[in-house]
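Participant: My questions all concern the structure below.
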Amino acid sequence: MITMPQFILRQPAAPEETGTDAYYLALANRLVDIVVGKSLLPSYPLKVVERAAMAVVGYYQDIICDAGVWRSFISENRRMYGYTVPFYEETEGYVDYELNREDVRFMVWYSLSMNYEEKRVVCPLSEEIINAADIWWEELERVYDESPMPEDFRIAHELEIHAEEDSEALFRLGNWLFMHCYLMTPAYALTLSEIASSIDLTKDANIPELQKRMEQSMMEDPTGPLALYLREWLYLIVEGKLPPEPKKREKTEEHKYYIAFTKATGGKIIKFFQTYDEMNRFFIDSLGWSDGEEHLPQMKGENDFILMVNKEKGMLLAKNIARCIAHPDNPMYEKSYARHHAIELLTERGCCPGDLLRYVCANGWLPDAVFPMSSDSSLVSRNWDFIARCYLQQYYRGD
């Protein structure tokens, strides 16, 4: 059972309890009872189902009072991708900023996937997801007209980004968005876990270090299903648009590795190597690295390498993923292997550098990527950028 302290933690007014919290807590627990009673999510632990129920109720509170978070999410989806919510076709009856079946399906997939490592990569169209989401949507639809206006949920209402008198409220909004908002926290869960695992929390003396790392993460890391930075989310919610883009840097000289690499490859910016020895020979013969040495020795024992160059950044290296990429110059590509493993490039942090992933997907060279237990490659090919943002976060958007 979800407790009041657990529920309040995810509310904008936390740690204070508002007059409507009891109603929405009861609703969240009712959603849990419904799916448990009907055995609709049997492969998920109860705690994960409870987190999903709270996330769905957070979405529901948002659209009841038009808090602006969901509005910002679907508006940015349309700008970036031309659809309202990923994976789910918008039906004729879809109404912006009101309760929609497609929205609930997305929130169920998103919150379950991001909060349960054992089924982190699950197909959004799985029967288990769809059935549970539709039952929850029916319950929310049943009580829609009688649900009270959530108190203190319109935290961004009438704020202005540059108004000095709103600075305290904007700080409060930013803190809630990043740490506790129903739409942000599921995608941030793995980042939070990575931060916590790097600190020995059994020692009280390390608590300040955790707080410092969390504050640093809030300023530097993206969050939410679109992997937007906090400043971007604030602008979207308060101003209805992204912040002004920073001035572009003046063009710099081409990186020396870019020059040497493209000279050796006849202008191509990507090259594949099956073994370490082949790659090391390229470093020596084509890039002019010292002969008789084993360069990047930490890569010995790995295989299926990819080198790619950028005019400004120089050269990047990826290992053990070449069999997934259907580049016309890649002799290692294996369709059957890619069918089982290509999705990992979009969902496993550190598996594929962001620049390489964007280049490959934008050119259609990841055609076999599918969710587990699915044969629908179009589901991934239509949504690859969203999937990468949602799963990889700073590993995809970080420079």
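The values are calculated or read from the model by the stated rules, or taken from the named source; none is laboratory data. It should be emphasised that the depicted structure is a prediction, and the values quoted were computed from it without experimental measurement. We place every Cβ from the backbone using ideal geometry, glycine too, and count neighbours over all the protein chains shown. Areas reflect the complete protein model, heavy atoms only, side chains present, ligands, DNA and RNA absent. Shrake-Rupley method; radii C 1.70, N 1.55, O 1.52, S 1.80 Å.
Participant: Through the Karplus equation 6.51 cos²θ - 1.76 cosθ + 1.60, θ set to phi - 60°, convert the phi angles of the range 220-237 into ³J(HN,Hα) values in whole Hz; use x for Gly and Pro.
Facilitator: For the range 220-237, the Karplus-derived couplings read 10, 9, x, 7, x, x, 9, 6, 8, 6, 4, 4, 5, 4, 4, 4, 4, 6 Hz, x marking Gly and Pro.
Participant: Which of 267, 314, 44 sits closest to the plus end of the dipole of the chain, meaning its Cα is farthest towards the positive end, when Lys and Arg get +1 and Asp and Glu get -1 on the C-beta?
Facilitator: So the residue we want is 267.
Participant: Taking the Cα centre of each part, how many Å lie between the range 161-180 and the range 205-261?
Facilitator: After rounding, the separation between the Cα centres reads 18 Å.
Participant: For the range 199-350, what does the relative contact order come out to in percent, with C-alpha contacts under 8 Å and a separation of six or more?
Facilitator: 16 percent
Participant: Sketch the reach of a paramagnetic label on residue 334 as a point 7 Å from Cα along Cα-to-Cβ, and name the residues of the range 345-361 whose backbone nitrogen lies under 17 Å away.
Facilitator: Under 17 Å, as judged by backbone N against the label point of residue 334, lie 345 of the range 345-361.
Participant: With a cut-off of 8 Å between alpha carbons and a minimum separation of six or more residues, what is the relative contact order of the range 320-374 in percent?
Facilitator: It rounds to 39 percent for the range 320-374.
Participant: So which residue, out of 217, 39, 197, gets the largest mean-square fluctuation from a GNM of the chain using Cα contacts under 10 Å as springs?
Facilitator: For the chain, modelled as a Gaussian network with Cα springs under 10 Å, the answer is 197.
Participant: In the range 189-238, which trypsin sites (Lys or Arg not before Pro) are in a loop and have at most 12 other Cβ atoms within 10 Å, using DSSP for the loop call?
Facilitator: Within the range 189-238, the qualifying trypsin sites (Lys or Arg not before Pro) (loop, at most 12 other Cβ atoms within 10 Å) are 203.
Participant: Taking square-rooted eigenvalues a ≥ b ≥ c of the alpha carbon gyration tensor, is the range 76-167 rounded, prolate or oblate, where a/c under 1.5 means rounded and, failing that, a/b exceeding b/c means prolate?
Facilitator: Here the range 76-167 falls in the prolate category.
Participant: While we're here: Cut-off under 22 Å on the C-alpha distance; same-chain residues fewer than 8 positions from residue 335 excluded. Which lysines are left, in chain and number order?
Facilitator: Residue 335 reaches 271, 319.
Participant: Within straight cross-link reach of residue 203, meaning Cα distance under 19 Å, which lysines are found once same-chain residues fewer than 8 apart are removed?
Facilitator: Within the straight-line limit of under 19 Å, residue 203 reaches these lysines: 212.
Participant: Measuring with a 1.4 Å probe in the full set of protein chains, what accessible area per residue, in whole Å², belongs to the range 1-153?
Facilitator: Spelled out: the 1.4 Å probe surface of the range 1-153, per residue, equals 42 Å².
Participant: Would you work out what percent of the accessible area of the chain, with all protein chains in place, is carbon or sulfur (probe 1.4 Å)?
Facilitator: Summing carbon and sulfur atoms, their accessible area is 49 percent of the total for the chain.
Participant: So with the 1.4 Å probe, I'd like the accessible area per residue for the range 233-295, rounded to whole Å².
Facilitator: For the range 233-295, the solvent-accessible area averages 70 Å² per residue.
Participant: Taking the Cα centre of each part, how many Å lie between the range 96-128 and the range 266-343?
Facilitator: 36 Å
Participant: Counting pairs of alpha carbon atoms under 8 Å apart in space and at least six apart in sequence, what relative contact order in percent does the chain give?
Facilitator: Value for the chain: 14 percent.
Participant: Excluding residues fewer than 8 places away in the same chain, name every one of the lysines whose C-alpha is closer than 16 Å to that of residue 256.
Facilitator: 268, 311, 313
Participant: Calculated from DSSP H runs of 4 or more alone, at -39500 (n - 2.57) each and per residue, what is the 222 nm mean residue ellipticity of the chain, nearest 500?
Facilitator: -15000 deg cm²/dmol
Participant: Also, I was wondering about something else. Can you tell me which of 112-119, 276-283 comes out highest on packing, and rank the rest after it, using the mean Cβ neighbours within 10 Å?
Facilitator: 112-119, 276-283
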